[in-house]
1. Can you tell me the accessible area per residue over the stretch 165-254, all protein chains present, probe 1.4 angstrom, in square angstrom?
2. With a 1.4 Å probe and every protein chain kept in, tell me what percent of the accessible surface of the chain is carbon plus sulfur.
3. In deg cm²/dmol, rounded to 500, what helix-only [θ] at 222 nm does the chain give when every DSSP H run of at least 4 residues adds -39500 (n - 2.57) and the total is split over its residues?
4. If r is the Cβ-Cβ distance from Gln84 to Arg134 and R0 is 51 Å, what FRET efficiency results, to the nearest 0.05?
5. Can you tell me the length gained on complete extension of the stretch Arg112 to Ser244, counting 0.36 nm per residue apart and subtracting the Cα distance?
6. Rounding to the nearest 10 and keeping the result within 0 to 90°, find how far the Cα-based axis of helix 27-37 lies from the longest principal axis of the chain.
7. How big is the stretch 1-115 by the Kirkwood estimate over distinct Cα pairs, in Å?
8. What residues qualify as long-range amide H neighbours of Val44, i.e. H under 5 Å apart, gap of 5 or more or another chain, H built at 1.01 Å from N?
Amino acid sequence: MTGTAEVRIGLLGPLLVDGRPWVVRSPAWRKILAALALNVGVVVSYETLIEAAGLAQTSKDPKKALQACVARLEARFGLRIGNQPGVGYWLDIDSDQVDVLCFVRLCTQSRRSAEAGQWRQVSETAGQALRMYRRRPFADIDSPFLETEWASYLEGLRLQALRDRIRADLHLGRHESVIPELEDLTRRHPEEEIFWALLMLAQYRAGSRPAAKRTYEAARGAIQRELDLDPGEVVEDVRTQIRSRIPAPDISVP
C-alpha cells in the first residue's frame, strides 16, 4: 500500500481535495472518501463503507452501489483505491496527505512535549495543529457515522491543543498576547475551568491584579451556572496565590 504524492484531502472543515472545494453533489461519494481517508493503510470493510455512506437506505443493491461510487471516485479525482475481494477497499495515499491524520499526530506530539516541559516545541507543534483546523470537521458531510466516530474526538483534541499552546505561551512570557484569546475562550467555553485559571494568571502576570480578581468572580458565576458547582482546585489555587500577592513569575502555570 504505497502512497501517491498528488492527492491532499482536507476534512477539518468543508471537504477539500488537492486544496480545492469539493464540487461533486453526491453525498455518498463524500462519505465514502472521508471514511477511506480516515483509515489510510487499512482495508475498510464493505459493510463499514455502506453504513458510512447510508447506501443501505438509498439503494436496492448497496454493494453494487458502493462499487460504482468507488469507481467514479477513482475516475473523477485520479485516486488509487485498492480492493481486497470479499473484504473491502483501501485508499492508497500516505497518512500525511490527510489533514485529520496530520492533526492527530501533531496533537499527540504536542501533548508529549507538554508533559516533558518542552514549551517552545509545544508552542510550535500545537500552533501548527490548530492552524489546520479550518472549521468543525466534516462540515459538509452529513454523516452520523463520522460524527459519532470522529467529530467529538477531534474537537476534544482541538481544545487540548489550545490549552497546551496557551500554557506554552505563558511559560514563554507571552502574557499579554494570550489575554484576548482567553477572554474569548471563557465566553465560548464557560465550563472549562482551565481557561478561567489561565486568564487570571495571564492578567496577573501582565500587571493587572484587579482584572484577575474580576475574572475570578466571573468564573465563579459561570461555573455555578454551567455546572452547578463552585470553582474547582485549578481556579482556586491561582486565586489563592494572587490573593497572597505571590510574585507573578513564581505562580506556576496550571
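The values are calculated or read from the model by the stated rules, or taken from the named source; none is laboratory data. Being a predicted model, the structure only gives us computed values, none of them experimental. Glycine gets a Cβ as well: all are built from the backbone with ideal geometry, and neighbour counts include every protein chain shown. When the accessible area is computed, the model is the full protein with side chains, heavy atoms only, and any ligands, DNA or RNA have been set aside. Shrake-Rupley method; radii C 1.70, N 1.55, O 1.52, S 1.80 Å.
1. Value returned for the stretch 165-254: 51 Å² of accessible area per residue.
2. Accessible surface attributable to carbon and sulfur in the chain totals 47 percent.
3. Computed ellipticity for the chain at 222 nm equals -18500 deg cm²/dmol.
4. 0.95
5. 44.3 nm
6. Its long axis makes an angle of about 70 degrees.
7. Value: 14.7 Å, from the Cα pair sum.
8. Tyr89, Trp90
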